[in-house]
1. Shape of segment 139-245 from its Cα gyration tensor (a ≥ b ≥ c, root eigenvalues): rounded if a/c is under 1.5, otherwise prolate when a/b > b/c, or oblate?
2. Given points 7 Å out from each Cα along the Cα-Cβ axis, report the Ser126 to Leu176 separation in nanometres with one decimal.
3. Given H placed 1.01 Å from N in the peptide plane, which residues other than close sequence neighbours of Ile203 have an amide H under 5 Å from its amide H?
4. When only Cα pairs under 8 Å and 6 or more residues apart are kept, what is the percent relative contact order across segment 174-243?
5. Can you compute 3J(HN,Hα) from phi for each residue in segment 145-151, using the Karplus curve 6.51 cos²θ - 1.76 cosθ + 1.60 with θ = phi - 60°, rounded to whole Hz and x for Gly and Pro?
6. Quick query: amide H of Tyr141 versus all other amide H atoms, modeled in the peptide plane; which residues come in under 5 Å with a sequence gap of 5 or more or a different chain?
7. Determine how many Å³ per residue the convex hull of the Cα atoms of segment 87-199 encloses.
8. In debye, nearest 20: dipole of segment 104-245 around its Cα centre with unit charges on the Cβ of K, R (+) and D, E (-)?
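Bear in mind that the values in this text are calculations on the coordinates, not laboratory data. Every value quoted in this text rests on a predicted model; they were computed, and no experiment measured them. Here the Cβ is made from the backbone with ideal geometry for all residues, glycine too, and neighbour counts use every protein chain on show.
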Amino acid sequence: MTASKSSRARNARATAQAGARGGAARNGASGGTAVKNASAARGGPAKPGGTAKPGGTATRDRDQARNGAAARGPRTIEVRDEPAERGPAPWLQIATFVLALAGLGVSIYLTIAHFTESALAGCSESGLVNCTKVTTSPQSYVFGIPVAVLGLAFFVFCVAIMSPWAWRASRREIHLVRIASLVVGIGFVLYLVYAELFTIGSICLYCTSVHVITFLLFVLTAFAAAAWGLKPGAPWKLVPDRQPE
C-alpha cells in the first residue's frame, strides 16, 4: 500500500514537470512570433541568421537615383546665336555706290574738257545755261586748283567710301568719315551754286548734275545715320537666298 502511494506520487511529479516543460516551449514559440512581427513592422521581414535593417529599401532607391543622375552627366543649356542687328539696307548701299560712279563719270568729263579747252557736248553757249562761261570764269578755280579737279578727287573718294564693302566695314571711323566728307561736299556745292547764280549769272548743266548727285548722296547718308546709326551695313547679294518652304 505504501509502495503504491509512492509510485503514484512519482508519476504525478513527472506529469507536472512534463507539463511545465511543454508550457515553456509554447511560450518560447509565441515570443519568437512576436519578435518577427515587430521586426516586420520596423523595416521589413526578418531574415534568418541576421538582423533586419530599417529603411533599407528607401536607401537603395536614393542610391540608384544618384547613380542615374551621375550617369546622365551635368545638364547643359543650349544657347542660340541671334543675328546681330545690321546697319543700312542693301538697296541704300547700292544706290549710293551707283550715284558715286555717276558723279565720277561726270567729273572725269569736266576735267578732260577743262584741260583740253573743248566745248561741253549738248550745253548752250548763251543765256542762263552757258557752260563755257561757267567753266572759264575766275570762280572755276579755288585756291588755284580747278574746280573740275577738286570734283574728280571728291568723287574718287566717294566711290571708295560709298562702296558696299565700305558700308559693311566694322570700324566706326569709316562711317564718321563718310558723313564728314558729305558735309564738306554739300557746303562746297552751296558755294558753287551761289557763285553761278549771283556772281557768274549762268549755270552749267554738267555742274548742276554734279551738284544734284552730291545732294542726293548727302541725303541718303544722313538718312542712313539717322535710321541705322553708325553700324556695319547688311550684306547684299545679286541673287537673294531662297526662303525655305
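1. Prolate shape, in that a/c is at least 1.5 and a/b is the bigger ratio.
2. Spacing of the two 7 Å Cα→Cβ label points: 5.5 nm.
3. Sorted by chain and number, the residues that satisfy this are Val129, Asn130.
4. 45 percent
5. 10, x, 4, 4, 5, 4, x
6. The answer is Val147.
7. Hull volume normalised by residue count: 117 Å³.
8. 520 debye
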